[in-house]
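Enquirer: Pasting in a structure now, in C-alpha cells, and then I'll have a few things to ask.
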Amino acid sequence: MYQILTILKKYSLAIIVIVGLLFIQANCDLALPEYTSNIINVGIQQQGVDTAYYKVVRANVLNKLAILTNDDILAFYQYISSDSPDYEEYLSKYPILKDESIYILKDDVDPKKVEEQMILPEVIYMGLSSQMDLSKMTTEELSYLLTTNASGKMAEYQDKMQDIDPDLMKQYAINAVIAEYQAMNIDLENMQMKYLTNTGIKMVLLSLLIMAIIILSTFVSGVVASSFARDLRSCIVHKIMNYSNKEFNEFSTSSLITRSTNDVQQIQMMFTMLMRMILYAPIIGIGALVKVVHINMVWVIGIGVGAILILVITLMVIAMPKFQIVQKLIDRINLVVREILNGLPVIRAFANEEHERRRFDKANKDLMCVNLFTQRLMALMGPMMNLIMNGIIVLIYWVGARNVDMGTMQVGTLTALITYTMQVIMSFLMLSMMSIMAPRAIVAIKRVAEVLNKDIAIKEKKNCLSMDPKKRGLVEFRDVTFQYPDGEDEVLKDISFVAKPGQTIAIIGATGSGKSTIINLIPRFFDVTKGEILVGGVNIKDLSFKELRSAIGVVPQKGLLFSGTIASNIKFANPDISDEKMREAAKVACAEEFILNKEDEYLAPISQGGDNVSGGQRQRLAIARAIAKEPDILLFDDSFSALDYKTDREVRRHLARYCKNATKIIVAQRVATVMNADAIIVIDDGKIVGMGSHKELYRKCPLYKEIALSQLKEEELI
C-alpha cells in the first residue's frame, strides 16, 4: 500500500488543483438554488424589491416610522425639499416631489445596519395600517395615539413580533417598502424586470463556469488517473522482473497478468470516481446542509440520509465477499484459457476437446453466476434510491406546503430547500457509487499490494564487488548443496567442480538428477543452500546482477523467442551489434540456412513464443542469440535436443572454433553431444558420481557407461 501511495504522491499538485476546482464548482452549485429562490421571492413576489429598507421614502412616512422605534433612523437619510440644491435632478426621478418632500438614503451608510433598524418599525407600521388609515394621520396624531394607547395596539404588535421568523419579518418589511414605492408611483415593473434580468444573467454565467470547471476537472482527473495506472503497471512489471523463481512459483502467470491489467483497471476506475465524485460528494453535501441548517425542516434531510446509509451499508456487507470471489474467478478463467491456448496441439492430439470445453464452461459459468448475483444486487440500488428520493420530495412538499399556508415559510425558500435536499441526497448517492466500485477496487488494491510488497528472496548487496579481470570466465562450485524453497529434499549435494575459460564442461545424468538446477544456479536464478559459487573469482552473491548476467549467455531448454523479427531476436541481448556479427552468430548456430530461405531473410517476422518456426529452428535461433552476446560463459541447458545429429555436431564444431575463449557448460541427454567435451560430470540423485573425459568415464563410471551404451553402439564409443 505504501508503494501505491508513493506513486500517487507525484500527482499531489494535480490532485490539489482538482480539489480546488471541486470547491469552486460546489460554491457555484450551491449559489444557484439561492438565485432560484430569489427569483421567486424577490423577483416575483416582491416585484424586484430586494431590500427591507427604503431607498427613497416620503417625509411624512419616514417621520411616522421614526416614532415607532427608539433608533435614530432619520440619520440614515437625506431630506429633499423644494429648497434642496439637487431638487430638479430628484424631481425628474421622483415627480411626487411636486406635492410633498421626500427622504433619500445616504450613500455612506451601512445597508445592513439600516435594514436591521428599519425592519421593526416598518412591520409595526404595516400592522397599524391594517387597523387604521395612517395616511390621513399626522405625525403628531400618531405620536399622541401611541402615547395614550401604549398598552394597546403597540404592545399587541410587539408581542406578535417576537414569535415571527426573522426571514418573514423581513418579508413583511419589504411589503411595506413595496407599498410605499407604489404610493410614490415608482416604476416597479421596470425594477422587477431589471432584477430578473440581472439574476438570470448571473445564473447563466454561473452555469457556464460550472460547465468549464467540470470539463477542466474531468480532463485533469482523467490524465492523472491514466498516468497513475500507467505508473502502477510499470511498477508491477518492474517488480515482477526482479522476482526470483521462488516468487514466480507463489503467483501463477495468469494471476500476475490479471493483477497487472484487470486489477489496475479497477483501481484506475475507482481513482477516477474518487477525484470526480467521491471528493465532490462531501463538499456539496456539507455545503447544502450548512445552507438549510437554519430551516426548521432539516429533519427531513436526516430521514433521507439515514435511509440511504442503511441501504448502502446493507449492500456493501452482502457484496464485498462476492467481489473478492470475482477476482479469483477471473484468475481462474485466465488460467484455463491460457492452458487451453498453450496446450491446444496436445488437446487435439488426445481428442480431449470436449473435456477442455467443459472445464472452460465451468469456470465461465462460475464467474457468470457470481457476476449476476452482484449485478442483481446493485440493480436494486437504483429503484431503492429513487424511492427514497421521491419519498423525501413528497414529504418536503407536504410539510412545506403547510408552512407556506401558515405563513412561516416563503415559496422560494421551499423551492431552495428541495434543491438543497436533492444536493445532499445526491452527494450520498455519489458516495453509494463507492459501494459498487470500492469492494472490487479494495480487493484489487490488496492483490496489487501483494505483488509490490512481496519480499524478494534473491537480492543484490549494496556494495557489490567486481570480477577479477584475470579470472573472467572462470566458474567454480565449492561444496554446493541446494534445496528448492518449498522442497523437502536436497536436489544437489556437495557439488564441486571448476570450469576454466576456453573449456567445455558437459553435465549428463538421468532425468531429475539435478543437471538443469546446476545451470540455473550460475546466473543466480536461485541461491545455493550451502557452499558457494564463484564466477570471475568472486562469489556470485557479491556481484551485481548486471555484471554477473552480462557475463553469461544462457540457452534454455525451451528456446523461447519474442515477437518481432529474426534480427531482433538474435540482437536481443545487444541491439547495437553489427549485422555482420549477427550473421556470424547465425552461422555458428547453423541457422543461416533456413533464414536465407525465407522471403524477408533476417527481417522475417517471428510470432509470440516463436510458434511460426519449428522446434529445431527455434533452438538454433536461441543459440545464435546467446552467441551474439559474446559472453564469457555460455550455458546450454539441454539446448541441442531438438537438433538432428548432423546439425548438433556442426553447431558444437562451430562453437569450439568461434567461442574458443568462452567457458562452455553443456547439459545434455545425448552422449554424442558431450563425448568431445574437456570434462564430463555425471550426476545421479544430486551427487557427482563421475568426472573426467569420455574415455575415462566409459572405463570407470558404470552409470555413464550404461547411459552411453543405451544410446550408441560400443564401437562408436571407443
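The values are calculated or read from the model by the stated rules, or taken from the named source; none is laboratory data. Bear in mind the structure is a predicted one, so any value in this text is a computation, not a measurement. Neighbour counts run over all protein chains shown; Cβ positions are idealised from the backbone, glycine included.
Enquirer: Just a yes or no: is a residue in segment 14-31 surrounded by 16 or more Cβ atoms within 10 Å (Cβ to Cβ), modelled with pLDDT under 85 and not basic (Lys, Arg)?
Expert: Scanning segment 14-31, I find no residue that is surrounded by 16 or more Cβ atoms within 10 Å (Cβ to Cβ), modelled with pLDDT under 85 and not basic (Lys, Arg), so the answer is no.
Enquirer: Same structure, new question: State the number of residues belonging to segment 186-202 that are under 48 Å from the mean Cα position of the chain (by Cα), surrounded by fewer than 16 Cβ atoms within 10 Å (Cβ to Cβ) and not small (Gly, Ala, Ser).
Expert: Selection size over segment 186-202: 4.
Conditions (1) over 27 Å from Glu460 (Cα atoms); (2) at pLDDT below 85, marked per residue:
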| residue | (1), (2) |
| --- | --- |
| Leu208 | yes, no |
| Leu232 | no, no |
| Asn249 | no, yes |
| Gly285 | yes, yes |
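Enquirer: Are any residues in segment 607-622 assigned to a loop (DSSP other than H, G, I, E, B) and surrounded by fewer than 16 Cβ atoms within 10 Å (Cβ to Cβ), and if so, which ones?
Expert: Once the filter is applied, which keeps residues that are assigned to a loop (DSSP other than H, G, I, E, B) and surrounded by fewer than 16 Cβ atoms within 10 Å (Cβ to Cβ), segment 607-622 yields Ser607, Asp611, Asn612, Ser614.
Enquirer: Then there is this: Looking for something in a loop (DSSP other than H, G, I, E, B), of a type in the set (Asp, Glu), in contact (Cβ under 8 Å) with a residue 12 or more places away in the chain and under 30 Å from Cys659 (Cβ atoms) - is there at least one such residue anywhere in segment 454-476?
Expert: Yes; the residues of segment 454-476 include at least one that is in a loop (DSSP other than H, G, I, E, B), of a type in the set (Asp, Glu), in contact (Cβ under 8 Å) with a residue 12 or more places away in the chain and under 30 Å from Cys659 (Cβ atoms).
Enquirer: Oh, and also: Which count do you get for residues in segment 29-75 that are outside any strand (DSSP E or B) and over 60 Å from the mean Cα position of the chain (by Cα)?
Expert: Matching residues across segment 29-75 total 17.
Enquirer: Got a sec? Which helices (runs of 4 or more DSSP H) wholly within segment 494-606 have at least 3 residues that are touching a Pro at 6+ places or on another chain (Cβ under 8 Å)?
Expert: Qualifying helices (runs of 4 or more DSSP H): 545-550.
Enquirer: Suppose we keep only residues that are in contact (Cβ under 8 Å) with a residue 40 or more places away in the chain and of a type in the set (Asp, Glu) within segment 539-576. Which one would you say is nearest to Ile623 (Cα to Cα)?
Expert: The selected residue is Glu547.
Enquirer: Looking only at residues that are crowded, with 18+ Cβ neighbours inside 10 Å and either basic (Lys, Arg) or farther than 20 Å from Ile178 by Cα (or both) in segment 90-147, which one is modelled with the lowest pLDDT?
Expert: Ranking the candidates gives Leu145 first.
Enquirer: Just one of (1) among the β-branched types (Val, Ile, Thr); (2) surrounded by 17 or more Cβ atoms within 10 Å (Cβ to Cβ); (3) touching a helix residue (DSSP H, G or I) at 6+ places or on another chain (Cβ under 7 Å) trips up Ile456, so point out which.
Expert: With (1) among the β-branched types (Val, Ile, Thr); (2) surrounded by 17 or more Cβ atoms within 10 Å (Cβ to Cβ); (3) touching a helix residue (DSSP H, G or I) at 6+ places or on another chain (Cβ under 7 Å) applied to Ile456, the lone miss is (2).
Enquirer: Evaluate segment 338-355: report whether one residue or more is under 25 Å from Ile445 (Cβ atoms) and touching a residue at least 12 places away in the same chain (Cβ under 8 Å).
Expert: Within segment 338-355 (the criterion being under 25 Å from Ile445 (Cβ atoms) and touching a residue at least 12 places away in the same chain (Cβ under 8 Å)), the answer is yes, since at least one residue qualifies.
Enquirer: Would you please list the contacts, defined by Cβ atoms under 9 Å and residues six or more apart or on different chains, that run from a residue in segment 209-220 that is touching a residue at least 60 places away in the same chain (Cβ under 8 Å) and within 18 Å of Ile15 (Cα to Cα) to a residue that is in a helix (DSSP H, G or I) and charged (D, E, K, R)?
Expert: Once the first residue is touching a residue at least 60 places away in the same chain (Cβ under 8 Å) and within 18 Å of Ile15 (Cα to Cα) and sits in segment 209-220, its partners that are in a helix (DSSP H, G or I) and charged (D, E, K, R) give Ile214/Arg276; Ser217/Arg276.
Enquirer: Scan segment 63-91 residue by residue and report those that are under 23 Å from Glu140 (Cα atoms) and of a type in the set (Asp, Glu).
Expert: Scanning segment 63-91 gives Asp71, Asp72.
Enquirer: Go through the residues of segment 616-626 one by one and say whether even a single one is β-branched (Val, Ile, Thr) and within 44 Å of the chain's Cα centre (by Cα).
Expert: There is at least one residue in segment 616-626 that is β-branched (Val, Ile, Thr) and within 44 Å of the chain's Cα centre (by Cα).
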